[in-house]
There are 2 protein chains.
Amino acid sequence: MARAPTTADAFNAVAEPRRRDILNYLALAERSVSEIVDALEMEQPSVSKHLRVLKDVGLVDARREGRQMLYRVNALAIRPLWEWTTTFERLWRHQLVKVKENAEKKTNL
Amino acid sequence: MARAPTTADAFNAVAEPRRRDILNYLALAERSVSEIVDALEMEQPSVSKHLRVLKDVGLVDARREGRQMLYRVNALAIRPLWEWTTTFERLWRHQLVKVKENAEKKTNL
DNA sequence: TTGACATATTCCCATATGGGAATATATTGA
DNA sequence: TCAATATATTCCCATATGGGAATATGTCAA
């Protein structure tokens, strides 16, 4: 078996930095493909291919307006990632407390 | 260029479901490799290889105790993923409000 | 030293990747 | 119908993958 396809789920789709760039940009507003191309300075076919992956996993929705395709984020599809990460929140808070304690110990020497 | 290596960053490392399984299990307590193997019913070499990836990106730390290697989560390394997802939190809350409104409209018909 | 246990690494392979280049498809206006 | 614009798809390729199988490395106990 090889690595899971990028379209397997949101976790895989989001592993690619350029796709996160696109999502970040779309978080501001609905945008056409060419707006994304201009804003992120990517090749048009590359943007279309990334959008295809994002759409396949439900991270974006699209609608046609004339010759343009307007894409927008489907934020609800990002929520499962957020939910997974929050299961570790208690742990990193605990780590931060310990880091702070160590810093204070050093200061009191 | 091919896909970014799984060791490129936490986003890539975490895209693999078995690695998330391992992290979930380690969230409970520090564990040896064989405990992971038994608990998750995976092959030992597979677990070692996944742990290697997780360690390379800093998602786990390890220490030796006799013949065993004890692994634990480094939750702070998960925080950047959480931070990225939270930038969309406002958006999905807004989506959920709209979903609720539509549901209420239907009820009032 | 030797054997047993615990873990890590190597080799092989089918599969998927993202970028570049070229081309196909869709929509509009003349 | 045809040309122009906007997007999508296809083909090619170097690269990395995860699993399986085999083997190497490390540590302890006798």
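The values are calculated or read from the model by the stated rules, or taken from the named source; none is laboratory data. Keep in mind the model is a prediction, meaning the values are calculated, not measured. Neighbour counts are summed over all protein chains in view; Cβ atoms, including those assigned to glycine, are modelled from backbone coordinates with ideal geometry. Note: accessible area is taken over every heavy atom of the protein model, side chains too, but ligands, DNA and RNA are not part of it. Shrake-Rupley method; radii C 1.70, N 1.55, O 1.52, S 1.80 Å.
A few remarks follow.
- One residue from B:VAL73, B:VAL97 being aliphatic (A, V, I, L, M) and under 23 Å from A:VAL97 (Cβ atoms): B:VAL73
- Where helices (runs of 4 or more DSSP H) sit wholly within segment B:1-41, those with at least 1 residues that are more than 9 Å from the chain's Cα centre (by Cα), within 12 Å of DNA strand C (Cβ to nearest atom) and buried (at least 16 other Cβ atoms within 10 Å of the Cβ) occupy B:10-13, B:33-40.
- Restricting the first member to segment A:45-60 and to residues that are closer than 13 Å to A:ALA8 by Cα, and the second to residues that are assigned to a helix (DSSP H, G or I) and near DNA strand D (Cβ under 10 Å from one of its atoms), no beta-carbon pair is closer than 7 Å while six or more apart or on different chains.
- B:ARG79 falls short on exactly one of the conditions (1) under 14 Å from B:ARG20 (Cα atoms); (2) under 14 Å from the mean Cα position of the chain (by Cα); (3) open to solvent by 30 Å² or more (accessible area, probe 1.4 Å), and that condition is (1).
- Extreme residue, farthest from the chain's Cα centre (by Cα), among residues of segment A:47-68 that are among the small types (Gly, Ala, Ser) and open to solvent by 40 Å² or more (accessible area, probe 1.4 Å): A:GLY66
- Test: residue in segment A:43-65 that is more than 9 Å from chain B (Cβ to nearest Cβ), within 8 Å of DNA strand D (Cβ to nearest atom) and assigned to a loop (DSSP other than H, G, I, E, B): no
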